[in-house]
1. Cα gyration tensor of region 23-78, axes a ≥ b ≥ c as square roots of the eigenvalues: rounded (a/c below 1.5), prolate (a/b > b/c) or oblate?
2. Would you mind telling me the antiparallel percentage of the DSSP bridges in region 116-237, rounded to 5?
3. Carbon and sulfur: what percent of the chain's accessible surface (1.4 Å probe)?
4. Search the structure for amide H atoms under 5 Å from the amide H of Arg117, placed 1.01 Å from N in the peptide plane, and list their residues when 5 or more places away or on another chain.
5. When ranked by the protection proxy of mean other Cβ atoms within 10 Å per residue, highest first, what sequence do the peptides 128-136, 173-181 form?
6. Which of the peptides 16-22, 95-101 is most tightly packed, and how do the rest follow, judged by the mean count of other Cβ atoms within 10 Å per residue?
7. Calculate the dipole size of the chain relative to its Cα centre from +1 charges on Lys and Arg beta carbons and -1 charges on Asp and Glu beta carbons; express the result in debye to the nearest 20.
8. Show Tyr31, Tyr144 ordered by accessible area, largest first, where the area counts protein heavy atoms only and the probe is 1.4 Å.
Amino acid sequence: MGVMGELSHDARTRLRRPEASDAVAEFGWRYVLGEFRTQVLTGSLPLAADVAARAAAVAGAQGHLRMDVREDRVMLSLQTTEIGWVTPLDAELAREISAVAGEFRLTTQPDDPGAGRAVQVLEVGIDAMDIASIRPFWKAVLGYADEPGRSGPQDALVDPLGQGPSIWFQQMDAPRPQRNRIHFDVSVPHDLAHQRIQATVAAGGKLIYDAEAPAFWVLADPEGNEACITTWQGREG
């Protein structure tokens, strides 16, 4: 029975995070920050193009599938764009696209051991005392847009072409000149987070905050500049 049959939701209902993660894990996809993500390692650009064309045919209607075709792989993400989240329909599309990869004797998989890198979503967080006053600057200078359905003075900004990381704003209570005020949030598959943290610490980083793990861990480089490793876990409710 397919995913659509296993889930008791309407095809356009937002999936809860644990539900979303479980719906696609067996197909080699991962739920990461409101999207399903995976990649197909093809070894060549012509094969990558063939896989991408078949995946596009499966996805059909606009507003669900995005692809990045490279010389040796296809990187795929699924999301119901109009609501900015994943639905049972996206889960079903993930299953069908994985089946297409299988027809090429390839697999959808979240990580590439050879490259040492898993699928991920990158965000930039900006600390601010007055978010409403700085948000228009970042929207204009980056050529960004409001998130679908969210255009408030403190809401995040996104690249309308999906090329760059989204920008979100963190409210500050007081100026903090001693620390960096722009940091990266790296959202990774939940089952690969500890591997990424260990690699970061081995590279000279320091784990400085984990009280809210597994939602996020804060790490710092040798000069104190911070970055966060984040997962979907620990965020329900």
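The values are calculated or read from the model by the stated rules, or taken from the named source; none is laboratory data. Computed from a predicted structure; not experimentally measured. All Cβ positions, even for glycine, are placed from backbone atoms using ideal geometry, and neighbour counts span all protein chains on display. Heads up: the accessible areas ignore ligands, DNA and RNA and are worked out on the full protein's heavy atoms, side chains in. Shrake-Rupley method; radii C 1.70, N 1.55, O 1.52, S 1.80 Å.
1. Oblate.
2. Details: 18 of 28 bridges.
Of those bridges, close to 65 percent are antiparallel.
3. After summing per-atom areas, the C and S share lands at 52 percent.
4. Placed amide hydrogens put Asp112 under 5 Å from Arg117.
5. In descending order of packing, they fall as 128-136, 173-181.
6. By packing density, highest mean first, the sequence is 95-101, 16-22.
7. Working: 22 positive and 33 negative charges, 44 e Å.
Its charge dipole is roughly 220 debye.
8. On the way: Tyr31 5, Tyr144 30 Å².
Heavy-atom accessible area, descending, gives Tyr144, Tyr31.
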